[in-house]
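Reviewing the structure listed below.
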Amino acid sequence: MKKIKKLIAAMVLIPGIVLAGTPVETLVPVEHIYSPKGFDSNDNAEIIIEGFLPNLCHKSPMTEYKVIGRKIEIKVKALKYDASNPYCPEVIVPFVESVNVGMLDKGLYDIVVNGKSIYQKGSSIFVNESISNSVDEHVYANVEYVEKFSGSREINLKGYNPSECFVIDEVQFVDNGKDTYSVLPKMKQVSDFCPMKMIPFSIKAEVPNKLIREKVLLHVRVMGGNSVNSIFSNPKL
């Protein structure tokens, strides 16, 4: 037993030797980059990455970014376990990761994801000049989940609002002309008295039939300047 323990300790100390149970960070495949429309220079801009883990040896997709001038570099990684791990069946696991790149000056930015690798993808995002000091011009519903129905354009926005003094006013869709609908569930205030009380809601809406891509992103702006992102399969016309 002592010899085995010494052997394991020696392997850990040898450079380049990684035990089967020790994960390493590795780049993972990226399928598409979504750039929602409507971010201003006082918003926290978001870029949404659709990708997949090649098998169950890969866990916990993660992102990191840096902004260099008018270029946004993003790396999408996962923890990879050695293939000898018995819990690594060949199952592809799709994921959607939102990358908050912070407040950007107005203008067009190039996006490079997993640059200088076999998984490199490129896109761009345009940031408008802000017209007010407010992060959001409207109060959005606190959506937590997007319910979708097979073969239907109808969706259900579900969540909890922190008070009953706001009710839904309208759900607006703004597309970027390519692959993304920004969904804006706008609220209106109906009372000046706003006690803290969790109020469940369910808001039905119909996704427009304007973008022709097979899969589009629903980028739902929610209360607090955040978002909920969901891939929507366009029903066949």
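Here are a few things to note about the model shown:
- Computed on region 139-233, with alpha-carbon pairs under 8 angstrom and 6+ residues apart, the relative contact order is 33 percent.
- For the chain, modelled as a GNM whose springs connect Cα atoms under 10 angstrom apart, the maximal fluctuation among F52, F166, F149 occurs at F149.
- Using just its DSSP H runs of length 4 or more, each adding -39500 (n - 2.57), the chain gives a mean residue ellipticity at 222 nm of -1500 deg cm²/dmol after division by all residues.
- For region 123-223, the tally of Lys pairs with Cα-Cα distances below 19 Å comes to 13, considering only residues 8 or more apart or on different chains.
- Extents of the chain, largest first, come to 74, 41, 41 Å (Cα atoms, principal axes, whole angstrom).
- Note: relative contact order over region 165-214, using C-alpha pairs below 8 Å and six or more positions apart, is 40 percent.
- If the Kirkwood radius is taken over C-alpha pairs of region 24-140, then at 4 °C and 1.567 mPa s the Stokes-Einstein diffusion coefficient equals 84 µm²/s.
- Potential lengthening between K71 and N226 on full extension [0.36 nm per residue; Cα-Cα distance subtracted]: 53.5 nm
- With Cα atoms defining each centre, region 102-125 and region 143-187 are spaced 27 Å apart in the structure.
- Cα-based helix-to-principal-axis angle, 2-13 vs the chain, degrees rounded to 10: 60
- Top of V183, V174, V76 by mean-square fluctuation, Gaussian network on the chain, Cα under 10 Å: V174
- Going from the fewest other Cβ atoms within 10 Å to the most, the residues T63, T22, T180 appear in the order T22, T63, T180.
- Anisotropy class of region 139-233 from Cα gyration tensor, a/c 1.5 cut: prolate
- For the chain, modelled as a GNM whose springs connect Cα atoms under 10 angstrom apart, the maximal fluctuation among G177, G224, G151 occurs at G151.
- About its Cα centre, the dipole of the chain is roughly 1180 debye, where the only charges are +1 on Lys and Arg Cβ and -1 on Asp and Glu Cβ.
- One equal scatterer on each Cα of region 92-131, no solvent, Debye formula: the resulting log10 I(q)/I(0) at q = 0.15, 0.16, 0.17 Å⁻¹ is -0.51, -0.57, -0.63.
- If R0 equals 22 Å, the separation of the Cβ atoms of L108 and R213 corresponds to a calculated FRET efficiency of about 0.55.
- Relative contact order %, region 185-237, counting alpha carbon pairs below 8 Å whose residues are six or more apart: 29
- Sum of side-chain charges, P23 neighbourhood, beta-carbon under 9 Å (Lys, Arg +1; Asp, Glu -1): 0
Just so you know, all these numbers are worked out from the coordinates, no wet-lab data involved. What you see is a predicted model, and the numbers here were worked out from it, not measured in a lab. Counting neighbours? That spans all protein chains shown, and the Cβs are built from the backbone with ideal geometry, glycine included.
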